[in-house]
Amino acid sequence: YFSKNFLKKFGYEPATSNFPECILPCDKIPKNDMDSFRNVCRQLIDGEKVVSGEFRIKKADGSFLWCSVTATAILDKDGQSYKAVGILSDIDTQKRTLQSVKEYAQKDSLTGLYNKGITEHHIRTYIEQDGSPAALIVIDIDNFKQVNDTLGHLYGDTALKEIANAIKSLFRSTDIIGRIGGDEFIVFLQHVTDEQLVHNKVHKITEIFQNRFEQTNINYKMTVSVGIAFFPKDADNFPELFDKADIALYYAKNHGKKWRYFLKYYQVPHHKP
C-alpha cells in the first residue's frame with residue numbers, strides 16, 4: 001500500500017503486486033541505484049528492525065527524483081518479518097546541492113578542471129582498478145610568470161582559462177584533465193589502443209597557442225612544453241608514471257627549438273629490463 005501522495009509526487013500509481021520483485025525488471029529505479037533498493041529489501045526480509053537507504057525513482061515525465069526510505073519491520077512471534085511500514089521522503093534538492101558542493105570542491109576555481117588531488121585520485125583509481133593501456137601527458141606553459149609580470153594577472157588568468165577550455169575540447173569526456181599547478185596541466189587518456197593517436201593529440205596542443213595568441217595585438221611569445229609517458233609500458237604505478245612524464249617535460253624544455261609558437265615534447269624511451 002502507498003499513500004495518495006505517491007501519485008501526486010510521481011504522476012502514476014506504483015506497482016504493488018508481488019512487491020518488491022515487481023520493481024526489479026522495470027525502469028523506475030536506475031540500474032546504478034538498484035543495489036541500494038535491493039539492500040533495503042534484503043535487510044527487511046532478513047529481520048532487521050529498522051533500515052534506511054537512498055535511491056532515485058522515475059517520475060511520469062521521465063525525470064528522476066532522489067528519495068530516502070526509512071522502514072521498520074514488523075515481526076511475528078518467531079521473530080520473522082511479515083510486514084514493514086516506512087516513509088519515502090523527497091531529498092532531491094538536498095542531494096543535488098550536496099553533489100554541486102562536492103563537484104565544486106573537486107574543481108580548480110579558475111579553470112573548472114579537476115584540481116591536483118582529485119586528478120591524482122582518479123588516475124590512481126584507473127591504474128589500480130582498470131589497468132588498460134593509457135597515456136599520461138604533462139603540459140607546462142614556459143615562463144608563464146613573465147606573462148603575469150609583463151601583461152598583468154588579469155590577462156594571465158584569462159589566458160589560463162582559454163587554454164584550459166581548449167585543452168578540454170581536444171579530449172574525450174572519459175579522459176581525466178586537471179590543473180596541477182599555476183601553469184601546469186595534466187591529461188590522462190584512458191584505454192589507449194594506438195600511441196600515435198596520443199602524439200597526434202599532443203601536436204594539436206600547439207594549435208591552442210597559435211589560434212589564441214598568434215593573432216592578438218599583444219606582441220608576446222608564449223610557448224609550451226609537453227612530456228608523455230605510457231601506462232603500463234613506461235611505469236605501472238602513478239608516482240613512477242608521473243616522474244617519467246615529468247622527466248620528458250623537462251627534457252623538452254631544455255632541448256626544444258626556439259620558435260615563436262611551438263611545441264616541445266619528448267617521450268621517455270622505454271628500456272626493457
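The values are calculated or read from the model by the stated rules, or taken from the named source; none is laboratory data. Just so you know, these numbers come straight off a predicted model, no measurement behind them. Glycine gets a Cβ as well: all are built from the backbone with ideal geometry, and neighbour counts include every protein chain shown. For the accessible areas, the whole protein counts, side chains as well, though only heavy atoms, and no ligand, DNA or RNA atoms are used. Shrake-Rupley method; radii C 1.70, N 1.55, O 1.52, S 1.80 Å.
Observations, loosely collected:
- Positive end of the dipole of the range 133-205 (Cβ unit charges, origin at the Cα centre): among GLY178, GLN190, THR150, the Cα lying farthest that way belongs to GLN190.
- Extension gain, ASP130-ALA60: 0.36 nm per intervening residue step, less the Cα-Cα distance, totals 21.5 nm.
- Counting only Cβ charges, +1 for Lys and Arg and -1 for Asp and Glu, the dipole size of the chain around its Cα centre is about 560 debye.
- Each peptide in 89-95, 186-192 receives the mean, over its residues, of other Cβ atoms within 10 Å, and ordering these scores from highest gives 186-192, 89-95.
- Peptides 247-253, 152-158, 122-128 ordered by packing proxy, namely the average of other Cβ atoms within 10 Å per residue, highest first: 247-253, 122-128, 152-158.
- Heavy-atom accessible area per residue - the chain, 1.4 Å, Å²: 59 Å²
- Phi to ³J(HN,Hα) by Karplus 6.51 cos²θ - 1.76 cosθ + 1.60 over the range 43-48, Hz, x for Gly, Pro: 5, 5, 5, 7, x, 5
- Amide H partners (placed H, <5 Å) of ASP183, local residues excluded: none
- The string of couplings for the range 82-88 from the Karplus curve (6.51, -1.76, 1.60, θ = phi - 60°) is 10, 7, 9, 10, x, 10, 9 Hz, one whole number per residue in order, with x for Gly and Pro.
- About its Cα centre, the range 100-200 has a charge dipole of approximately 320 debye under the convention of +1 per Lys or Arg Cβ and -1 per Asp or Glu Cβ, with nothing else charged.
- In the set (1) 19.4; (2) 17.6; (3) 22.6, the label that goes with Kirkwood radius over Cα pairs in Å computed for this structure is (3).
- Positive-end residue of ILE87, LEU75, LEU136, charge dipole of the range 68-149 with Cβ unit charges: LEU75
- The HN-Hα couplings worked out from phi for the range 147-153 by the Karplus form 6.51 cos²θ - 1.76 cosθ + 1.60 (θ = phi - 60°) are 4, 5, 5, 8, 9, x, 5 Hz, whole numbers, x standing for Gly and Pro.
- Global geometry of the range 93-180, whether rounded, prolate or oblate, following the gyration tensor of its Cα atoms and the 1.5 cut on a/c: oblate
- Of the solvent-accessible surface of the chain, computed with a 1.4 Å probe and all protein chains present, 50% belongs to carbon and sulfur.
- Here the peptides 54-65, 33-44 are ranked by packing, the mean other Cβ count within 10 Å, and the order with the highest first is 33-44, 54-65.
- Label zone at LYS116 (point 7 Å along Cα-to-Cβ), backbone N below 18 Å, the range 231-251: 238-247, 249-250
- For the residue pairs LYS58/LYS107; LYS49/LYS83; LYS31/LYS59, alpha carbon separations beyond 18 Å are given by LYS58/LYS107.
- Across the range 23-146, C-alpha contacts under 8 Å between residues 6 or more apart give a mean separation that, scaled by the residue count, equals a relative contact order of 14 percent.
- Using R0 = 30 Å, the C-beta based FRET efficiency linking HIS203 and LEU154 works out to 0.50.
- Total charge dipole magnitude, the range 27-77, about the Cα centre, Cβ charges on Lys, Arg, Asp, Glu only, Debye to nearest 20: 80 debye
- Stretch gain in nm, segment THR93-ILE45, where the contour uses 0.36 nm per residue and the Cα spacing is subtracted: 14.2 nm
- Normalised contact order of the chain, rounded percent, pairs of Cα under 8 Å and 6 or more residues apart: 14 percent
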